[in-house]
Amino acid sequence: MDPQIQDRCKELILGDDQLKEVMKRLTDDINKGLGKKTHADAIVKCFVTYVQDLPNGTEKGKFLALDLGGTNFRVLLIELGDNHFEMKSKIFAIPQHIMLGSGEQLFDHIADCLAKFMKEEKVQKEKLPLGFTFSFPLQQLGLTRGMLERWTKGFNCSGVIGQDVVQLLKDAIARRGDIQITVCAILNDTTGTLMSCAWKNHDCKIGLIVGTGTNACYVEKQKNAELFDGQDNGSGKVLINTEWGAFGDDGQLDFVRTEYDRDIDEHSINPGKQLHEKMISGMYMGELARLVLQKLTKEGLLFNGKGSDPLFTRQRFYTKYVSEIENEPHGTYNNCRQILEELGIKHASEQDCVNVRYVCECVSRRAAHLVSAGIACLLNKMDDPTVTVGIDGSVYRYHPHFHNLMVAKISNLVNKHIKFNLMLSDDGSGRGAALVAAVASRK
């Protein structure tokens, strides 16, 4: 390993003392989000989801689910019986002009896709319960009422912020007049992931997403969720959607942020927002690696100082490159060379490949360690002896070492009497939405 490269990358490596400080600050911010007096100014909002009960296996019937959380949008039909379920689903694209158009256009597009799907599945005459996964920061006022707090992940539709998105969906369906549904719940993908895993594993009490964005939700006592104003259905618990992507927006993470993080933020569509997410998620990981590689190349420490236009172009080093480069056994650089060639770098030495891999490892390991600090903070706060964490998202799913990095780091940071395990979710945002609708209909 080149000592100069190691030296340049050392600010990307977080020690346990720094991670424990991150945990302390996140715990304080979560408590502010939960508190009645402190919520309004809290950075980590800890929205109450109004989901009080986890699936118990008695849910039965046909349910629809909508899943909007990124550039694709899905419609699902799920049939639940005794410990079995059948699922049909279809993916629709959301064109850029709709992502940046009006709210009415967006919801008309969603309603149109839903109607097409219901006709294809021959359920357009039935009035089915529907769960709506809407993976953007929402302030929920009930299980079926949620106001959009802000857009993230490249969306910027006008006329939606501060509006009840369930009502916008119902209005769009009413404008068509050809299908009928009952919206039973609105949720985000972390809640869906938790529900989906809890259906299989009753110890699941945390839902985590590490994909395009990052977020977590967990089971909290109603008495600690001071903003919860619903009836207690008997569990005494309620799921809290932390919206931890915004952690650090007030400077709490500045002690671990680097020039690369500041660069990403300045060039993003939401400067100053979601700073925690920008250090972790798949939307930014490739670009973080590219910024480090660009700097090292310009300093003459990589590729003999000769870069290329693509390497020096924003967003041209994809997050999937990080996974592909790290997926090879040490000493093998086929993927690395192929990727560098795609980027117009044909003259890379073996040492260059070693260094490129090291940069990718520093960026992805830091992301895994920050997520681990967040999960350890929730585990310590809940203080349950055994907890399963349900996890979804492309980074956790496809990065070859993310799971192992997390297991090792959480073990270092969590209180010793707590046993945890990490479970890959099976389609949290789809199945999870149907399960929230099913649990709501069970009542």
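A few points about this structure:
- Residue in segment 280-295 that is basic (Lys, Arg), open to solvent by 10 Å² or more (accessible area, probe 1.4 Å) and within 30 Å of residue 8 (Cα to Cα) present: yes
- Within the set 167, 140, the sole residue that is in contact (Cβ under 8 Å) with a residue 60 or more places away in the chain and either under 25 Å from the mean Cα position of the chain (by Cα) or part of a helix (DSSP H, G or I) (or both) turns out to be 140.
- A residue that is open to solvent by 30 Å² or more (accessible area, probe 1.4 Å) and in contact with a Ser or Thr (Cβ under 8 Å, 6 or more places away or on another chain) occurs somewhere in segment 374-384.
- The helices (runs of 4 or more DSSP H) found entirely in segment 1-118 that carry 3 or more residues being surrounded by 15 or more Cβ atoms within 10 Å (Cβ to Cβ) and hydrophobic (A, V, I, L, M, F, W, C) are 16-34.
- Taking segment 329-347 as the range and being surrounded by 18 or more Cβ atoms within 10 Å (Cβ to Cβ) and outside any helix (DSSP H, G or I) as the test, the residues that pass are 333, 343, 345.
- The sole residue among 182, 190 that is open to solvent by less than 40 Å² (accessible area, probe 1.4 Å), polar (S, T, N, Q) and touching a Leu at 6+ places or on another chain (Cβ under 9 Å) is 190.
- Among the residues of segment 210-269, those that are polar (S, T, N, Q), part of a loop (DSSP other than H, G, I, E, B) and either open to solvent by less than 20 Å² (accessible area, probe 1.4 Å) or on the phi > 0 side of the Ramachandran plot (or both) comprise 242, 258.
- If the condition is being in contact with a Phe, Trp or Tyr (Cβ under 8 Å, 6 or more places away or on another chain) and part of a helix (DSSP H, G or I), then segment 382-405 contributes 382, 395, 396, 402, 403.
- Unmet requirement for residue 366, which otherwise passes all of (1) assigned to a helix (DSSP H, G or I); (2) under 15 Å from the mean Cα position of the chain (by Cα): (2)
- Filter result (more than 15 Å from residue 260 (Cα to Cα), part of a loop (DSSP other than H, G, I, E, B) and within 20 Å of the chain's Cα centre (by Cα)) within segment 275-328: 318
The values are calculated or read from the model by the stated rules, or taken from the named source; none is laboratory data. Computed from a predicted structure; not experimentally measured. Please note: Cβ atoms are built from the backbone with ideal geometry, for glycine as well, and neighbour counts cover all protein chains shown. Just the protein is used for accessible areas: all its heavy atoms, side chains included, with ligands, DNA and RNA removed. Shrake-Rupley method; radii C 1.70, N 1.55, O 1.52, S 1.80 Å.
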